[in-house]
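Below is one structure, written out as C-alpha cells, with a few remarks after it.
Every number here is computed from the coordinates shown, using simple stated rules; none is lab data. Keep in mind the model is a prediction, meaning the values are calculated, not measured. Note that each Cβ is placed from the backbone with ideal geometry, even for glycine, and that neighbours are counted across all protein chains shown.
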Amino acid sequence: MSDLWSWAVAAYDAPGVAEACLGLQDHNEQNVPLLLWAAWIARTGRRPDEETIEAACDAARAYDTVIVGQLRAVRRTLKAPVPDIDHDHREALRQQVKALELDAERRLMLELEGLAPPPSGAPRRAIDGLAETARLWSRVVPRPALTVLADRLPA
C-alpha cells in the first residue's frame, strides 16, 4: 500500500489517529490531509525540499479556504436540529455534504501525492515529516500534539 490515499485511510482508522488529527485540526488549525501527507512522505523515505513542502501547504490552504472549510462549516451547521427543517431531510443533506467534504480531501491528497518526490532513502520517523511541514504551515508548531499523532500512526 504505497499510494497516499490508501495509506491515509488505513492510518486514520488506527486507534487514536482520528482523534489526534481532529484535535490538531480543531485546536491547532492544522490541515489533516497535509499532516497525513507529511507523515507518509517521511515513512516512505521521500525527501521533499522546502519549495515542495511550501507548494503542498499552498494546495492545502487553497482547498481548505475554497472547498473543504466551506463544506465542513455547512456540515457542522446541519448537525444540530434546524427549526422548520425535517430531521431526516436535514440529516440526508448533512451526509451528502460529508461525502463531498471527504471527496475534496481525497482530491487534495491526490494533488499532494503528485507533489511528493520519489523515495530516495530509508524511511524516516513520522514526527520528522510532521514537524518540517507544520513549520511551513503555521508560525506555531504544535509539537506535543504532533508527537501524539506520530506515536499513534501505525508503523
* Structure fact -> So, with points 7 Å from each Cα along the Cβ direction, the A73-T52 label distance in nm works out to 3.4
* What size of dipole, in debye to the nearest 20, comes out for segment 4-152 about its Cα centre when the only charges are +1 on Lys and Arg C-beta atoms and -1 on Asp and Glu C-beta atoms? -> 280
* So for I53, I85, I41, I67, fewest C-beta neighbours within 10 Å to most, what's the order? -> I85, I67, I53, I41
* To do: Please order L93, L71, L35 by the number of other Cβ within 10 Å, starting at the fewest.
  => L93, L71, L35
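Kindly provide the helix-only [θ] at 222 nm of the chain, computed as the sum of -39,500 (n - 2.57) over DSSP H runs of four or more divided by all residues, to the nearest 500 deg cm²/dmol? Each step should come with its number before you reach the end.
Working: 8 runs with 109 residues, N = 155.
The helix contribution divided over the chain gives -22500 deg cm²/dmol.
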* **Computed lengthening from T147 to R135, 0.36 nm per intervening residue step minus Cα-Cα distance** => 2.9 nm
* Given the Cα-Cα distance of A18 and L102 and 0.36 nm per residue of separation, how much length would full extension add, in nm? -> 28.9 nm
* C-alpha center-to-center spacing [segment 1-62, segment 109-155] in angstrom -> 6
* How large is ³J(HN,Hα), in whole Hz, for each residue of segment 28-41 in order, when computed from phi with the Karplus curve 6.51 cos²θ - 1.76 cosθ + 1.60 and θ = phi - 60°, using x for Gly and Pro? -> 10, 6, 8, 9, 4, x, 5, 4, 5, 4, 4, 5, 4, 4
* Hull surface divided by four, with the convex hull built on the Cα atoms of segment 4-152: how many nm²? -> 9.1
* Structure fact -> In nm, the gap between the two label points placed 7 Å beyond Cα toward Cβ at V82 and H27 is 3.0
* **Fewest-first sequence of D128, D151, D26 by Cβ atoms within 10 Å of each Cβ** => D26, D151, D128
* **the chain, relative contact order [Cα under 8 Å, separation at least 6], %** => 41
